[in-house]
């Protein structure tokens with residue numbers, strides 16, 4: 001690893017870091033940074049950094065406390081994905097390296113899991129508006145971070161990889177966030193029509209063996225407490241946790257201030273999802289959805305968010 005320092009002006013230094021920042025090179029990086037006075041405005045340039053380990057992330061965190069105005073520029077795709085998975089982008093301004101070839105590859109890639117799809121969108125198109133709903137704009141980065149908040153909430157309710165999470169509610173941004181949150185955990189999203197009666201919703205929950213229920217706006221839910229009580233009764237008491245994603249909940253508001261993100265909110269791709277009807281259920285991988293038109297039946301107006309391979 002090599003570290004070089006350039007003074008941009010009287011108050012700002014740019015530090016170029018090349019190679020790997022890991023357990024073997026962390027001490028060298030720290031010695032170089034100790035030469036810089038606390039409170040100095042610094043810019044870390046990672047254009048030639050191709051790997052960072054947990055030891056390297058620890059050094060970045062130390063720098064963040066010593067240099068509050070620090071920012072990171074020219075971050076590669078691989079390094080930025082590490083920042084995304086560990087939550088570092090929440091408290092350090094990060095700018096990606098411009099690489100049109102890679103960005104185009106991500107934009108056209110279709111044979112991927114929903115989890116990777118959102119992660120790549122946030123990494124390369126984070127500031128672009130992905131959806132406008134109820135007069136409010138959501139960028140890819142905001143969708144990524146808000147779904148991470150829900151994933152953490154579900155994780156604290158013991159949702160783990162392979163569990164089945166029922167998602168029932170009218171199409172909304174919160175419904176979409178809950179769907180992506182289940183993908184982050186590697187859970188199987190059980191997508192249920194919100195226009196069904198409480199008895200039919202309970203029957204589908206039992207059919208899918210779903211133990212967790214995310215609910216939004218449901219016509220049959222004239223009284224929320226009574227609806228959830230009846231749902232638990234008709235499902236035979238099998239639901240272990242309820243989680244509301246109703247429209248009045250503003251998950252974007254939780255991006256302000258301190259948010260603790262749990263490293264357990266990580267799962268290997270591909271994540272799977274389950275679609276149910278009144279009579280049957282099938283499990284599809286994300287690849288199956290890309291290669292069919294089934295997604296239109298589920299996502300409706302939101303279908304244009306997802307890229308589908310055209311033959």
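Read-outs: derived from the displayed coordinates by stated rules, not from any lab. Since the structure is predicted, the reported quantities are computational estimates derived from the model, not experimental observations. Virtual Cβ from ideal backbone geometry, glycine too; neighbours counted across all protein chains shown.
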With the structure loaded, tell me whether residue 14 is outside any helix (DSSP H, G or I) and touching a residue at least 12 places away in the same chain (Cβ under 8 Å) or whether it fails that test. yes
Go through the range 1-21 residue by residue and tally those that are touching a helix residue (DSSP H, G or I) at 6+ places or on another chain (Cβ under 9 Å) and either within 15 Å of residue 70 (Cα to Cα) or crowded, with 17+ Cβ neighbours inside 10 Å (or both). 6
Quick one: how many residues across the range 169-193 are closer than 18 Å to residue 210 by Cα, out of contact with any helix residue (DSSP H, G or I) (no Cβ under 6 Å at 6 or more places or on another chain) and free of Cβ contacts under 8 Å to residues at least 60 places away in the same chain? 1
